[in-house]
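Encoded as structure tokens, the structure appears first; notes follow it.
The values are calculated or read from the model by the stated rules, or taken from the named source; none is laboratory data. Note that the structure is a prediction, hence the values are computed from the model and not measured. Cβ placement follows ideal geometry from the backbone for every residue including glycine, while neighbour counts extend to all protein chains displayed. Surface accessibility is based on the protein's heavy atoms, side chains included, excluding ligands, DNA and RNA. Shrake-Rupley method; radii C 1.70, N 1.55, O 1.52, S 1.80 Å.
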Amino acid sequence: MDYPHLQTLRADLAFIAHWVNPRSHVLDLGCGDGVMLDFLQTGKQCSGYGIEIDDALIPKCIQRGVSVIQQDVEAGLAMLPDNAFDTVLCLSALQMMKNVESTLRAIARVGNEAIVSFPNFAYWPHRVALIRGRMPVSKSLPYQWYDTPNLRCATIVDFKELAQEVGLEVLECVALDEGRPVTFLPNWRGSLAVFRLKKRTASR
Amino acid sequence: MSALGVVSPQTMHFATPLPLQSGAQLRDYTLMYETYGTLNAQKSNAVLVCHALNASHHVAGLSNADDPKSLGWWDNMVGPGKPLDTNRYFVIGVNNVGSCFGSTGPMHINPDTGKPYGASFPVVTVEDWVDAQARLADQLGITQFAAVMGGSLGGMQALAWSIRYPDRLRHCVVIASTAKLSAQNIAFNDVARQAILTDPGFHGGNFYAHGVVPRHGLRVARMVGHITYLSDDDMAEKFGRGLRNGKYQFDFGIDFEIESYLRYQGDKFSEYFDANTYLLITKALDYFDPAREHDGDLTKALAGTKAQFLLASFTTDWRFAPECSQAIVKALLNNKRRVAYAEIDAPHGHDAFLLEDERYMNVVRSYYDRVWQELNESNAAAGKEAA
């Protein structure tokens, strides 16, 4: 898996991959078909594991040579020792979790840095939909209110608060639209929020 | 019908004594084995398949052309185009010593006494089996297996390989297995052993001389074992409270379908399985605990492993539940080993590892696809170096 290939497959992942240092030990929560870890392993000499629950995706990860552990994110995190990873990825998965706060605390426990992305609920078409009195349905939130797997709706501003609370310092925050960063009015114009976080070490 | 057609077993004799974990030794011994596929010139495509309690070297294909029931025990897994594809790999199945399918066992003559070993056959462990298998690999010129694979007790052997001979396997495939038996597992095994040991036909293990077989004991042992292989749901669905004759008989014959099934399984088993072998193999199961010499720390026990791992478990397996596989995965994660783990939501209990399930088969198939890809890459690299 090379960079251009990743960019055509998943532009958002290609952008995020820049934030992962070469040769780092990476945990990818909800790793899907393993495309990100495949790129990080072959393109950036990283090592690591993916956690994925979906039966159909496990063989795809295996075929790519990705070390995938079939568990839900919470159970998967519980299997891992403290401070095991340079970077923990939690990409477009957080909004589906029941216990977001404890998951973020577990991420801080096992990793030094984390990259978290989720659909930005404050993206302007979502705001327009709400002003019109309807739940937003868009490319980044493609479900109806009654069949969505997304349990949590958050905005860029909301997430910053929680990150602080669980002991993660925000290093960078970028809003992406179609995989490209949005600098002007990001909490309006970005459909995907991406945070680069670092574990806050207790000051002595 | 198997795609492999009819296969014939081979034997190899070893005159050098095999030192055993117990301190005893096996003076000389013969191993019965089968192979499928072709060993490549680099001898790098060999896969060893280790068998569980009542299975043998006959992994795949037919042993008898006229008998469709003579199909190998993992024929759905091993063969041309199967998940472990014999068009790519050279697959070896070995019958372990102490078993009753051709390798040296309690029914054979003890060279020291000139009589059948019987109860005096030394207690063998998973590690002893692995040592014997390693000698077979030596004789076949295989210094490193592409993979060692097994389910249940076979998975224990694969795991023991990764610990004992870390340089001799690139991949370790452990299915529906565990790094140690629970007290409950041991309890079931002991009920089975007691059934055999207290059968008057057992004659202290020397029943061969009396021309009898402790059939009742074997039967009960198999019935108990069989209960633990199936899930509650599976049994409920297959048998429920179904009655053999539609009404209660008010006696102690067969009322329920489940009774009929278990008795049939027990009867069948007692006709082909050796009672001493059953005792030996259940002991090997009970004793397996590689963490034992590391104060119970499995992470330490697996610290010397070098292989990449695939583990799979089945959600309804209560004999070796997913938690058992998870414990191994956890220890491997602690050691930063490469490991893939699939937890398959199948209804068939422990037996699921022998059954057809698309998700399960796909996991194993993808893993061996990957092993094959690596094998070709390393062959290509070796070719370049040589040129």
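Structural remarks
- Complete set of residues in region A:107-126 that are open to solvent by 20 Å² or more (accessible area, probe 1.4 Å) and outside any strand (DSSP E or B): A:R109, A:F121, A:Y123, A:W124, A:P125
- Here is the figure for region B:177-214: residues that are surrounded by 19 or more Cβ atoms within 10 Å (Cβ to Cβ) and outside any helix (DSSP H, G or I) total 7.
- Given (1) outside any loop (DSSP other than H, G, I, E, B); (2) closer than 25 Å to A:A108 by Cβ; (3) within 14 Å of chain B (Cβ to nearest Cβ), number of the condition A:I62 does not satisfy: (2)
- Matching strands (runs of 3 or more DSSP E) fully within region B:1-108 where at least 1 residues are within 16 Å of the chain's Cα centre (by Cα) and modelled with pLDDT of 95 or more: B:29-36, B:46-50, B:90-94
- The listed residues are B:A346, B:A342, B:A352, and the only one of them that is part of a helix (DSSP H, G or I), within 16 Å of B:I175 (Cα to Cα) and among the hydrophobic types (A, V, I, L, M, F, W, C) turns out to be B:A352.
- Residues (within 14 Å of chain A (Cβ to nearest Cβ), in contact with a His (Cβ under 9 Å, 6 or more places away or on another chain) and surrounded by fewer than 17 Cβ atoms within 10 Å (Cβ to Cβ)) located in region B:339-382: B:E374
- Only residues that are under 15 Å from A:F118 (Cα atoms), part of a loop (DSSP other than H, G, I, E, B) and open to solvent by less than 30 Å² (accessible area, probe 1.4 Å) were counted in region A:165-187, giving 1.
- Verdict on B:L285 being within 14 Å of chain A (Cβ to nearest Cβ), within 27 Å of B:E356 (Cα to Cα) and either at pLDDT 95 or above or open to solvent by less than 30 Å² (accessible area, probe 1.4 Å) (or both): no
- Taken as a whole, region B:319-331 holds no residue that is acidic (D, E), buried (at least 22 other Cβ atoms within 10 Å of the Cβ) and out of contact with any Cys (no Cβ under 7 Å at 6 or more places or on another chain).
- The lone exception for A:P81 - which of (1) open to solvent by 40 Å² or more (accessible area, probe 1.4 Å); (2) within 10 Å of chain B (Cβ to nearest Cβ); (3) within 25 Å of A:S102 (Cα to Cα); (4) assigned to a helix (DSSP H, G or I) it fails: (4)
- Any hit, region B:111-134, residues being within 23 Å of B:A60 (Cβ to Cβ), open to solvent by 10 Å² or more (accessible area, probe 1.4 Å) and not in a strand (DSSP E or B): no
- Among the candidates A:Q70, A:Q41, A:Q63, residue that is open to solvent by 20 Å² or more (accessible area, probe 1.4 Å), within 22 Å of B:Y360 (Cβ to Cβ), over 14 Å from the mean Cα position of the chain (by Cα) and of a type in the set (S, T, N, Q): A:Q63
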